[in-house]
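Novice: Have a look at this one before I ask anything.
The values are calculated or read from the model by the stated rules, or taken from the named source; none is laboratory data. Since we're looking at a predicted model, the values are computed, not measured. So basically every Cβ, Gly included, is an ideal-geometry build from the backbone, and we count neighbours across all protein chains shown.
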């Protein structure tokens, strides 16, 4: 069964982390994980540019090393780059030092101060070390656009139903995601409903 919001326990365990923007206004924040990829990133950027929106891209260090021109393109369009680890490791089953080294390796190609844990799975020991140097960003809403068992219409409907003031939304920048089939329509829906997307309010520690 999909869980579209993080477990409440995570918010209690990691109060320093970002899950949602602190606002009562109808403001939303878009983020994208797992890129960059030449078959999805440019198209996502085109849609965002058409609506004059800024987002945060939490990129795989491995992909960023392979496609540095896409990292440059994302930055040139005014978006924020975040670190999603060099490889997509599950912190719950990964040794803490191995996990920390993976994040540090990813930082070389992405961001040295902004991190999102893959799968949202990070142990307290890992968090305590990383929070010393990184702003750690989870999310408020993940509609499972990466799940091939979920139709794009279902993903879109989840987004429409569950957005709320301050939602940090995570979508996925990869070819297996359905994001390109609904992103423009969803943005238009939010505008019609009086929401607006704001530039992600986390640029990392200086």
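Novice: Going by what's in this entry, would residue 186 be described as within 18 Å of residue 55 (Cβ to Cβ), modelled with pLDDT of 95 or more and under 18 Å from the mean Cα position of the chain (by Cα)?
Specialist: Working: within 18 Å of residue 55 (Cβ to Cβ): yes; modelled with pLDDT of 95 or more: yes; under 18 Å from the mean Cα position of the chain (by Cα): yes.
So residue 186 passes the test.
Novice: When residues of region 4-19 are filtered for being within 14 Å of residue 120 (Cα to Cα) and touching a residue at least 24 places away in the same chain (Cβ under 8 Å), how many remain?
Specialist: Count: 9.
Novice: Across region 134-175, what is the number of residues that are closer than 20 Å to residue 114 by Cα and surrounded by fewer than 15 Cβ atoms within 10 Å (Cβ to Cβ)?
Specialist: Residues flagged as closer than 20 Å to residue 114 by Cα and surrounded by fewer than 15 Cβ atoms within 10 Å (Cβ to Cβ) within region 134-175 amount to 0.
Novice: Another question about this same structure. Working only within region 109-133, note down all residues that are surrounded by 22 or more Cβ atoms within 10 Å (Cβ to Cβ) and in a loop (DSSP other than H, G, I, E, B).
Specialist: Residues satisfying the conditions are 110, 111, 116, 117, 122.
Novice: If you go through region 1-15 one residue at a time, how many are assigned to a loop (DSSP other than H, G, I, E, B) and surrounded by 10 or more Cβ atoms within 10 Å (Cβ to Cβ)?
Specialist: Within region 1-15, residues that are assigned to a loop (DSSP other than H, G, I, E, B) and surrounded by 10 or more Cβ atoms within 10 Å (Cβ to Cβ) number 6.
Listed here are the residues, each with its yes/no results for (1) part of a helix (DSSP H, G or I); (2) touching a residue at least 24 places away in the same chain (Cβ under 8 Å).
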residue	(1), (2)
42	yes, yes
62	yes, yes
73	yes, yes
78	no, yes
87	no, yes
97	yes, no
100	yes, yes
105	yes, yes
